[in-house]
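S.K.: First the structure, then my questions, so here it is.
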């Protein structure tokens with residue numbers, strides 16, 4: 001699997017960065033952070049104005065933020081990306097509007113002359129170049145000082161060259177060959193393009209902000225007291241009236257209702273809840289009144305966890321983005337050399353300094369890698385945000401490459417294809433059934449296996465459990481009130497009496513016994529999820545091979561596979577054998593996605609190229625996976641893979657356009673066919689097209705939705 005080992009909270013430092021003007025700024029900061037001893041990985045994302053640094057516990061977080069400050073940027077420890085994005089957008093708008101008006105005035109003076117028009121234009125262009133365009137000059141100064149040239153260097157040098165030469169010509173020989181119009185149009189159009197980008201980036205963060213704003217600000221305690229939701233503590237009981245949102249994660253202790261969690265999980269159908277049901281903060285209550293006991297608050301809630309995971313995913317980089325950054329880093333110095341060579345060549349060919357300067361400035365401006373730098377981060381930002389709206393949490397941008405290459409999807413059966421709510425459908429316990437069921441329920445309460453839930457109602461909460469041992473693929477053993485007890489497959493016992501037979505084969509046999517001899521057997525059944533068959537069809541429509549990998553017997557596994565449409569079924573596999581099977585598929589050249597939900601699936605999830613866990617699964621399974629499905633609907637697996645593929649396809653289209661644009665526009669600028677004004681307009685339009693293409697991902701619909709099916 002592409003994701004690295006889990007890193008503890010104290011080894012992760014995340015903060016917002018203010019002052020970045022382009023992706024080159026992010027690359028420069030990231031490079032500096034990676035050079036800090038003890039830093040394992042560092043990601044800086046211009047689109048989200050954020051940084052994520054993983055490091056050893058010996059690294060002082062303040063030393064990390066100090067590096068960013070020394071580079072000339074501001075660190076926001078509160079991580080308020082939205083305010084940074086809003087202020088950045090407002091600043092661009094404030095400077096773009098007058099710059100565009102000045103550029104328009106410059107165009108007018110090309111056709112209409114009046115007394116002192118050249119001097120008025122010179123004054124206005126000075127305002128445009130040195131006030132409206134100050135951010136470019138400041139950034140260029142930092143880039144030159146740090147020997148990391150980028151887009152702002154090209155804009156700054158181009159506009160200063162055009163403005164400076166025009167001022168010299170105006171003073172020496174007024175009204176002859178002035179290029180103030182080129183300088184002002186470059187500033188105005190580039191600012192307009194960057195304002196478009198800023199608006200798109202802020203809009204693409206709507207999904208994450210919607211998650212953050214779902215939880216209500218106030219909660220009504222059971223005694224009628226109204227308190228801030230931030231003051232809720234674990235164990236407090238609060239009331240959720242009909243039509244209200246749940247204040248924080250909790251367990252229902254009174255009342256029944258239907259709860260709509262679609263905005264946070266993508267689950268389209270409201271879920272019926274009753275005492276004992278778990279509800280997540282932000283879920284919308286239906287017609288019933290509920291009393292909920294808080295089980296998690298603040299940053300420990302499911303909503304906060306999902307928002308944090310999405311934010312971290314957006315802060316990371318896809319491998320294709322790192323390649324684009326390397327190309328951009330080499331491209332800018334090359335452009336500077338080409339621009340200088342263009343100036344010399346035109347001058348030597350007798351075109352004069354004016355024409356040579358125009359051609360050189362056009363080369364500088366038209367080659368600004370705005371579109372190239374935005375191609376990946378903006379698409380990733382929009383794609384991961386849309387995934388969160390559909391209840392799909394992506395662990396990082398690296399998942400895009402894994403999803404693209406996946407050709408085989410392996411499913412665990414219990415809790416994924418089936419609903420994970422097993423029950424006892426048949427029992428053959430000749431003696432002491434109540435006693436054996438109580439012992440089994442108590443011992444199974446320590447197990448994380450999905451089938452253990454079949455014994456939940458028999459648990460003795462006052463019983464003492466010691467020496468609990470899980471035997472993966474076989475069962476569990478332990479002492480319950482000092483009585484040795486075993487629950488599991490027949491292989492867990494030394495002897496299984498022949499009379500312990502079952503009449504039904506549609507389920508999993510589980511043997512019980514006080515000691516080495518089995519004393520009873522029960523058949524545990526698990527219903528197939530109603531959407532599993534459609535999920536398999538959707539995966540087949542994506543040209544994916546689907547395999548069912550189960551620890552159950554051949555008959556039950558084959559039966560489930562036949563019902564849902566999986567022909568390739570592998571049964572009676574131990575957890576370590578699941579991992580081995582994944583490795584075997586990979587050795588055959590397959591790129592494998594593993595879908596699971598239990599502790600026993602964790603080795604296979606870790607070994608797979610793409611690990612996918614369902615929300616109903618264990619914490620360790622979700623923490624190991626690359627993608628977490630926030631519903632129990634396996635159709636979301638197909639949605640996650642399809643959306644990841646479409647996001648990567650969008651990135652490639654963006655990069656192809658950015659490269660093609662430079663391939664066509666640069667020769668035109670070299671030959672003097674393209675003026676600086678036209679170059680600035682072409683550059684702004686190229687960025688605009690990348691923005692529009694990326695924003696199309698917001699319209700991605702679930703493969704199972706009527707909208708998608710109608711479109712196809």
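The values are calculated or read from the model by the stated rules, or taken from the named source; none is laboratory data. For clarity, every value in this text was computed on a predicted model and none was experimentally measured. Using ideal geometry, Cβ is built from the backbone for each residue, glycine included, and neighbour counts are taken over all protein chains shown.
S.K.: Does residue 665 fit the bill of being modelled with pLDDT under 85, crowded, with 19+ Cβ neighbours inside 10 Å and not assigned by TED's automatic domain parsing to the domain that holds residue 409? It would help to see each step written out before you state the result.
M.R.: On the way: modelled with pLDDT under 85: yes; crowded, with 19+ Cβ neighbours inside 10 Å: yes; not assigned by TED's automatic domain parsing to the domain that holds residue 409: yes.
When the stated conditions are applied, residue 665 passes them.
S.K.: Looking only at the stretch 28-51, which residues are part of a strand (DSSP E or B) and modelled with pLDDT of 80 or more?
M.R.: 39, 40, 41, 42, 43, 44, 51
S.K.: Here's something else I'd like to know. Run down 340, 331 and say which single residue is closer than 23 Å to residue 157 by Cα, at pLDDT 75 or above and surrounded by fewer than 24 Cβ atoms within 10 Å (Cβ to Cβ).
M.R.: Details: 331 fails: at pLDDT 75 or above.
From the options 340, 331, the qualifying one is 340.
S.K.: Only one of these is free of Cβ contacts under 8 Å to residues at least 60 places away in the same chain and exposed (fewer than 15 other Cβ atoms within 10 Å of the Cβ): 499, 567. Name it.
M.R.: 567
S.K.: Count, please, the residues in the stretch 407-425 that happen to be at pLDDT below 90, within 21 Å of residue 554 (Cβ to Cβ) and assigned to a strand (DSSP E or B).
M.R.: Final tally of qualifying residues: 2.
S.K.: Still on this structure, please answer the following. With 212, 200 as the choices, which residue is at pLDDT below 85 and either buried (at least 23 other Cβ atoms within 10 Å of the Cβ) or within 30 Å of residue 97 (Cα to Cα) (or both)? Please lay out each step first, then the result.
M.R.: Numbers: 212 fails: either buried (at least 23 other Cβ atoms within 10 Å of the Cβ) or within 30 Å of residue 97 (Cα to Cα) (or both).
Only one candidate passes the filter, namely 200.
S.K.: Within the stretch 693-701, can one find any residue that is within 25 Å of the chain's Cα centre (by Cα) and assigned to a loop (DSSP other than H, G, I, E, B)?
M.R.: The answer is yes, given that some residue of the stretch 693-701 is within 25 Å of the chain's Cα centre (by Cα) and assigned to a loop (DSSP other than H, G, I, E, B).
S.K.: All but one of (1) farther than 16 Å from residue 103 by Cβ; (2) surrounded by fewer than 24 Cβ atoms within 10 Å (Cβ to Cβ); (3) modelled with pLDDT under 80 hold for residue 192; which doesn't?
M.R.: (1)
S.K.: Can you spot a residue in the stretch 666-687 that is within 21 Å of residue 703 (Cβ to Cβ) and either within 28 Å of the chain's Cα centre (by Cα) or in contact (Cβ under 8 Å) with a residue 40 or more places away in the chain (or both)?
M.R.: no
S.K.: Evaluate the following for residue 675: is it crowded, with 19+ Cβ neighbours inside 10 Å and either touching a helix residue (DSSP H, G or I) at 6+ places or on another chain (Cβ under 9 Å) or modelled with pLDDT of 75 or more (or both)?
M.R.: yes
S.K.: Here is a further query. Can you name the helices (runs of 4 or more DSSP H) wholly within the stretch 96-183 that have at least 2 residues being under 22 Å from residue 19 (Cα atoms) and modelled with pLDDT of 80 or more?
M.R.: 134-145, 151-172
S.K.: Hey, another quick one. Taking the stretch 601-629 as the region of interest, how many residues are surrounded by fewer than 24 Cβ atoms within 10 Å (Cβ to Cβ), at pLDDT below 80 and assigned to a loop (DSSP other than H, G, I, E, B)?
M.R.: The total comes to 3.
S.K.: Name the pairs: first residue in the stretch 233-253 and not assigned by TED's automatic domain parsing to the domain that holds residue 279, second residue part of a strand (DSSP E or B) and surrounded by 15 or more Cβ atoms within 10 Å (Cβ to Cβ), Cβ to Cβ under 6 Å, at least 6 apart or on different chains?
M.R.: Partner pairs satisfying both residue conditions: none exist.
S.K.: For the structure I just gave you, tell me whether residue 125 is crowded, with 22+ Cβ neighbours inside 10 Å and in contact (Cβ under 8 Å) with a residue 24 or more places away in the chain.
M.R.: Answer is yes for this residue.
S.K.: Output the number of the condition that residue 102 fails; it satisfies all remaining conditions of (1) in the same structural domain as residue 26 (by TED's automatic domain parsing); (2) crowded, with 17+ Cβ neighbours inside 10 Å.
M.R.: (1) is the only condition that residue 102 fails.
S.K.: Scan the stretch 519-528 for residues that are touching a helix residue (DSSP H, G or I) at 6+ places or on another chain (Cβ under 8 Å) and surrounded by fewer than 21 Cβ atoms within 10 Å (Cβ to Cβ) and jot them down.
M.R.: 520, 528 - these are the residues of the stretch 519-528 that are touching a helix residue (DSSP H, G or I) at 6+ places or on another chain (Cβ under 8 Å) and surrounded by fewer than 21 Cβ atoms within 10 Å (Cβ to Cβ).
S.K.: Starting from the stretch 545-563, take each residue that is under 19 Å from residue 472 (Cα atoms) and list its partners that are in a strand (DSSP E or B), counting only C-beta distances under 6 angstrom and pairs at least six apart or across chains.
M.R.: Short answer, once both residue conditions are applied: 548/411; 548/569; 549/410; 549/570; 552/508; 557/569.
S.K.: Tally time: how many residues in the stretch 221-248 are within 17 Å of residue 298 (Cα to Cα) and in a loop (DSSP other than H, G, I, E, B)? Break it down stepwise before answering.
M.R.: Let us first name the residues in the stretch 221-248 that are within 17 Å of residue 298 (Cα to Cα), namely 221, 227-238, 245-248.
Remaining after also requiring in a loop (DSSP other than H, G, I, E, B): 232-236, 246-248.
Total meeting the criteria: 8.
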